[in-house]
Amino acid sequence: MFIVAVTGGIATGKSTISKVFERQGIPVIDADKIAREIVEPGQPCWRQIREVFGDEVLLPSKEINRAVLGKMIFEDKELRRKLNKITHPTIHRKIFWQVCKLLVTGHAWIVLDLPLLFETGVLMDFIHKIVCVTCDSDKQLERLIARNELSESEARHRVDSQMPLDKKCEKSHFVIDNNGSVEEAESSAMSIYNLMRDSKQHWLNRISFLGLFLIVGFTIYMLLKVFNRLPESWQM
């Protein structure tokens, strides 16, 4: 199995691209979905957020008031660092376990929807190919303001908190320009899907894993034999 990451900037249309792969039967692990789940009332991250930011970031239902918390962290880098320190380790741990579960199901490849792939850098070593979804800065702001009901200043704070899109594009294997219609973006995603579907990388990964397993197994066998610790049933 190999991993394809979908990344980009806030409000560039990453979810639209991930859904294309999902419709083709490719498992998608959504980091934003995990981020929402781990801050539900009663969860360890929820308790830490409440302790650090206070009850002012809670709704009457005790759920996190995402609008209030978002305004706080995108206007203050230190608060954003504190929130990331609370949530990122848990998000990455849950992504890791979901990947492990999918590894044993026989899928040739999977998709990780990771908005902050480059910003955190934690999962880079596990990614085979990176797809960056981009659009013009004016369109990005327009979409973000409409989607989240933000002022232009608030939207700019959120965009500026991430790595510039041109830098992300430079570091990616594929770039999808999402300035046009949804159909055009989906067509670009399908072209990438066809390339990944025909890739033999998953067989190379499986052969490498099998080779590593055999090497480790043989090494353990020889060590046990040298120190006369072989079980009788293993002896020839």
Where a Cα-Cα gap under 12 Å defines reach, which aspartates and glutamates qualify for LYS168, not counting those fewer than 8 residues away within the same chain?
GLU119
From Cα pairs below 8 angstrom and at least 6 apart in sequence, can you work out the relative contact order of the chain, rounded to a whole percent?
33 percent
Give the accessible area for ASP32 in Å² (nearest 10); use a 1.4 Å probe, count only protein heavy atoms, and leave out ligands, DNA and RNA.
70 Å²
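Note down the Stokes-Einstein diffusion coefficient of the chain in µm²/s, whole number, using a Kirkwood radius over alpha carbon pairs, 4 °C, and 1.567 mPa s.
The calculation lands on 64 µm²/s.
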Roughly how many Å² is the accessible area per residue of the range 38-106, as a whole number, for a 1.4 Å probe?
64 Å²
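Given a 1.4 Å probe and every protein chain left where it sits, what share in percent of the accessible area of the chain is carbon and sulfur? Could you put the intermediate results ahead of the total?
Details: 7910 of 14260 Å².
Carbon with sulfur: 56 percent of the solvent-accessible area.
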If Lys and Arg each add +1 and Asp and Glu each add -1, what is the summed charge of the other residues whose beta carbon sits under 10 Å from the beta carbon of GLY8?
+1
The distance between the Cα centres of the range 1-76 and the range 112-156, in whole Å, is 13 Å
What is the sum of charges, Lys and Arg at +1 and Asp and Glu at -1, for the other residues whose Cβ falls under 11 Å from the Cβ of LYS82?
+1
Quick one: putting +1 on the C-beta of Lys and Arg, -1 on the C-beta of Asp and Glu, what dipole do you get for the chain around its Cα centre, in Debye to the nearest 20?
980 debye
In a Gaussian network model of the chain with springs linking alpha carbons closer than 10 Å, the residue among SER191, SER153, SER61 that fluctuates most is SER61
Students often get this wrong, so check it: of LYS33/LYS77; LYS14/LYS139; LYS33/LYS171; LYS77/LYS139, which have C-alpha atoms separated by over 18 Å?
LYS33/LYS77; LYS33/LYS171; LYS77/LYS139
Residues with beta-carbon under 11 Å from that of ILE73, excluding ILE73: net charge, scoring Lys, Arg +1 and Asp, Glu -1?
+4
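The values are calculated or read from the model by the stated rules, or taken from the named source; none is laboratory data. Keep in mind the model is a prediction, meaning the values are calculated, not measured. Please note: Cβ atoms are built from the backbone with ideal geometry, for glycine as well, and neighbour counts cover all protein chains shown. The area values use the complete protein model at the heavy-atom level, side chains included, leaving out ligands, DNA and RNA. Shrake-Rupley method; radii C 1.70, N 1.55, O 1.52, S 1.80 Å.
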